[in-house]
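One structure is given here, and the rest of the page talks about it.
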Amino acid sequence: MTNKKNNLNTLCIHGANKHTEINEHVYPIFQSSTFLFKDVAEGAARFAGTDKGYKYTRLGNPNYDILAKRLTILEEGEFAHIYPTGMAAISTPLEHFLSANDHLIADNMLYGCTDSLLRNIISRFGIEISFIDLANEEEFKKNLKNNTKAIILETPTNPTMKEIDIQSISDIAHNFNEEIKVMVDNTFATPIYQRPIELGADISIHSCTKYINGHGDVVAGAAIFNKKISEKINHTQGDLGTTTSPFDCWLMLRGLKTLPLRMERHTENAKKITEFLKNHPQIDYVKYPGFSGMLCFELKKGVEAGKTLLNNVRLCGLAVSLGNVDTLIQHPASMTHAAVPKEHREKIGLTDGLVRLSVGIEDVDDIIEDLEQALRKI
Ligand SMILES: *Cc1c(COP(=O)(O)O)cnc(C)c1O
């Protein structure tokens with residue numbers, strides 16, 4: 001297991017796997033909200049933490065634990081939390097690390113609900129937020145303050161595919177103050193292509209709804225933490241109640257087994273579709289970072305042409321969400337990023353004509369044929 005890629009293929013299937021005493025092949029679903037104690041002393045010991053056994057599913061469950069451990073291994077972290085949504089994977093650590101009078105630096109291109117969470121909720125708790133372009137290191141250095149507690153960014157960004165250097169942002173932040181928490185939303189790249197903690201970040205975040213589960217049947221999130229972070233955050237998750245059902249954890253463990261295979265095909269297909277779109281007379285430009293299955297493009301004839309394209313696809317599904325086995329297409333300015341103010345959208349290149357494509361693992365010729373017939377309608 002010396003080759004990193006082969007190692008990940010194995011770890012996605014076997015990492016942290018367990019069996020019960022009957023030795024089933026696939027670990028069962030522990031669909032139980034609570035756990036029986038044999039006596040009062042055992043119950044008390046579990047709440048005191050001297051006995052690590054289970055107490056109550058909001059505070060821990062076997063299916064949750066296997067998934068958390070597998071993601072910890074894949075992202076080379078210290079421990080992980082699984083959350084009911086990607087948004088809870090962002091809001092729970094922010095609520096844990098930030099207090100009134102703290103300062104947060106946020107990249108100016110964030111997922112629509114993340115942007116809205118910061119502007120409309122976190123900002124109400126006496127936390128100052130600077131929205132800046134974290135691809136510009138000089139601007140970043142100028143914005144660091146003595147009360148800066150956390151940095152939040154996505155790379156590649158949803159949907160404009162901007163890339164930010166995690167290593168350099170983490171180095172600058174930690175040289176300034178090693179307590180600053182660098183939080184990276186790793187949803188688009190997945191641990192197959194990018195491991196933020198290895199690059200110096202403190203927290204790697206996923207909307208597991210996307211590639212981690214990969215099959216469009218779960219909404220969930222995860223955060224993987226590095227060793228500098230205290231497990232006191234377990235209490236924050238328990239108190240906020242942002243935990244996940246055993247069945248959803250089980251589904252994610254199943255989805256995760258094929259993550260490396262899926263990512264390989266997503267990438268292969270997205271490369272071919274990028275070539276097709278780049279050479280198509282209706283397309284102005286395409287942005288694709290060269291890995292994973294996400295790309296965005298703009299049509300020469302603008303918003304109306306985009307609507308015609310979206311209204312005429314047959315194989316590609318017109319829906320938000322991404323990272324599923326099937327291809328999905330959507331219009332960020334009116335859908336996923338509708339909550340981002342228009343002036344701000346224009347400043348960051350999220351134009352009204354931008355179309356986002358989450359390339360699936362179907363036969364690529366079928367996807368291209370579908371896009372081609374819809375583009376002919378323009
Ligand atoms: C979808 C998404 C989220 C939010 O995740 P949910 O599971 O929908 O709550 C956060 N960040 C990125 C980059 C996303 O694509």
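Pairing residues of region 258-276 that are among the basic types (Lys, Arg) with residues that are assigned to a helix (DSSP H, G or I) and at pLDDT 95 or above, at Cβ distances under 8 Å and at least 6 apart in sequence or on separate chains, gives 272/364; 272/368. Return yes when residue 333 is of a type in the set (A, V, I, L, M, F, W, C), buried (at least 18 other Cβ atoms within 10 Å of the Cβ) and either assigned by TED's automatic domain parsing to the domain that holds residue 107 or in a loop (DSSP other than H, G, I, E, B) (or both) and no when it is not. Criteria met by residue 333.
Taken together, the residues in region 152-185 that are part of a loop (DSSP other than H, G, I, E, B) and either out of contact with any helix residue (DSSP H, G or I) (no Cβ under 9 Å at 6 or more places or on another chain) or more than 13 Å from the ligand (Cβ to nearest atom) (or both) amount to 13. Consider residue 292 against the criteria (1) among the polar types (S, T, N, Q); (2) surrounded by 17 or more Cβ atoms within 10 Å (Cβ to Cβ); (3) more than 16 Å from the ligand (Cβ to nearest atom): it satisfies all of them except one. Which criterion is unmet? With respect to (1) among the polar types (S, T, N, Q); (2) surrounded by 17 or more Cβ atoms within 10 Å (Cβ to Cβ); (3) more than 16 Å from the ligand (Cβ to nearest atom), residue 292 is out only on (3).
Applying the condition of being surrounded by 15 or more Cβ atoms within 10 Å (Cβ to Cβ) and either without any contact (Cβ under 8 Å) to a residue 40 or more places away in the chain or under 21 Å from the mean Cα position of the chain (by Cα) (or both) to region 355-378 and asking which residue is farthest from residue 210 (Cα to Cα) yields 355. For region 204-217, a residue qualifies if it is closer than 30 Å to residue 175 by Cα and more than 10 Å from the ligand (Cβ to nearest atom), and exactly one does: 204.
Name the residue that is surrounded by the most Cβ atoms within 10 Å (Cβ to Cβ), counting only residues in region 121-138 that are outside any loop (DSSP other than H, G, I, E, B) and small (Gly, Ala, Ser). The residue in question is 130. Scan region 199-231 for residues that are out of contact with any strand residue (DSSP E or B) (no Cβ under 6 Å at 6 or more places or on another chain) and closer than 22 Å to residue 257 by Cα and the total you get is 11. Examine region 111-120 for a residue that is away from the ligand (no atom under 16 Å from the Cβ), assigned by TED's automatic domain parsing to the domain that holds residue 152, surrounded by fewer than 20 Cβ atoms within 10 Å (Cβ to Cβ) and not acidic (Asp, Glu), and state whether such a residue exists. No, the conditions are met nowhere in region 111-120. A single member of 201, 189, 220 is away from the ligand (no atom under 12 Å from the Cβ) and modelled with pLDDT of 95 or more, and it is 201. Counting only helices (runs of 4 or more DSSP H) that sit completely within region 1-112, those holding 1 or more residues that are touching a residue at least 24 places away in the same chain (Cβ under 8 Å) correspond to 4-14, 62-74, 86-97. For region 299-315, filtering for residues that are under 18 Å from residue 287 (Cβ atoms) and more than 27 Å from the chain's Cα centre (by Cα) leaves 6. Could you tell me whether residue 344 is at pLDDT below 95, assigned by TED's automatic domain parsing to the domain that holds residue 285 and surrounded by fewer than 16 Cβ atoms within 10 Å (Cβ to Cβ)? It is true that residue 344 is at pLDDT below 95, assigned by TED's automatic domain parsing to the domain that holds residue 285 and surrounded by fewer than 16 Cβ atoms within 10 Å (Cβ to Cβ). Looking at region 229-247, can you tell me whether even one residue there is at pLDDT 95 or above, aromatic (Phe, Trp, Tyr) and crowded, with 22+ Cβ neighbours inside 10 Å? No, region 229-247 contains no residue that is at pLDDT 95 or above, aromatic (Phe, Trp, Tyr) and crowded, with 22+ Cβ neighbours inside 10 Å.
The values are calculated or read from the model by the stated rules, or taken from the named source; none is laboratory data. Just so it is clear, the model here is predicted, and its values are computed rather than measured. Cβ atoms come from the backbone with ideal geometry, glycine included; neighbour counts cover every protein chain shown.
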